[in-house]
Amino acid sequence: MAKDVLVLNGPNLNMLGVREPGTYGAQTLADIEAMCRAEGEALGLAVECRQSNHEGELVTWIQQALGRYAAIVINPGAYSHTSVAIHDAIRAVALPVIEVHISNIYTREAFRHHSYVSPVASGVLCGFGPLGYRLALIALADKLK
């Protein structure tokens with residue numbers, strides 16, 4: 001299988017650059033996606049980026065990744081704290097998955113301190129801003145060697 005990596009972003013991440021810049025920064029999702037594709041190319045990975053505000057669409061994309069992608073980077077946004085369905089989809093495909101959060105979820109509201117994705121992820125990065133996506137790709141490139 002080629003070293004293709006799927007980068008998934010959940011709800012409200014399409015609002016980056018506008019939404020709470022003090023928490024999420026000024027970069028847009030398009031900026032982050034371009035950074036991911038460039039970092040992927042430098043690491044020998046083909047990166048495809050997708051975003052949805054719909055839980056079921058994210059679940060479908062995770063399921064469709066089986067046999068098509070070598071790994072997934074996911075920022076599930078608020079679904080981290082609510083979605084057993086995303087947890088189950090990640091568990092079902094059994095691909096390496098890195099969970100990314102732009103903000104440090106442990107310094108925010110208590111309801112954000114629990115993630116249903118973390119127990120089925122290979123690793124979790126939070127609080128590094130958009131750099132977390134690059135770090136996730138670096139980790140996956142090493143894992144996929």
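The values are calculated or read from the model by the stated rules, or taken from the named source; none is laboratory data. Keep in mind that what you see is a predicted model, and the values were worked out from it rather than measured. Positions of Cβ are generated from backbone atoms using ideal geometry, with glycine treated the same way; all protein chains shown enter the neighbour counts.
In region 127-138, which residue that is out of contact with any strand residue (DSSP E or B) (no Cβ under 6 Å at 6 or more places or on another chain) and assigned to a helix (DSSP H, G or I) is nearest to Gly25 (Cα to Cα)?
Leu131
State yes or no: is Phe111 under 17 Å from Asn9 (Cβ atoms) and not polar (S, T, N, Q)?
The answer is no for Phe111.
Residue-by-condition table, conditions (1) modelled with pLDDT under 95; (2) over 11 Å from the mean Cα position of the chain (by Cα):
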residue: Thr60; (1), (2): no, yes
residue: Ala65; (1), (2): no, yes
residue: Tyr69; (1), (2): no, yes
residue: Ile105; (1), (2): yes, yes
residue: Leu125; (1), (2): no, no
residue: Tyr133; (1), (2): no, no
residue: Ile138; (1), (2): no, yes
residue: Asp142; (1), (2): no, yes
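Can you list residue pairs whose Cβ atoms sit under 8 Å apart, with the first residue in region 122-134 being under 17 Å from Val5 (Cβ atoms) and the second being part of a loop (DSSP other than H, G, I, E, B) and of a type in the set (Ser, Thr, Tyr)? Count only pairs 6 or more apart in sequence or on different chains.
Within 8 Å, the pairs are Val124/Ser115.
Quick one: Val100 ticks every box in (1) within 20 Å of Gly25 (Cα to Cα); (2) out of contact with any strand residue (DSSP E or B) (no Cβ under 8 Å at 6 or more places or on another chain) bar one, so which box is it?
Unmet condition: (2).
Does Val124 fit the bill of being under 21 Å from Ile86 (Cα atoms), out of contact with any Ser or Thr (no Cβ under 7 Å at 6 or more places or on another chain) and either part of a loop (DSSP other than H, G, I, E, B) or not polar (S, T, N, Q) (or both)?
No; evaluated as a whole, the condition is false for this residue.
Would you be able to tell me the number of residues in region 8-47 that are under 20 Å from Asn104 (Cβ atoms), among the β-branched types (Val, Ile, Thr) and in contact with a Lys or Arg (Cβ under 9 Å, 6 or more places away or on another chain)?
1
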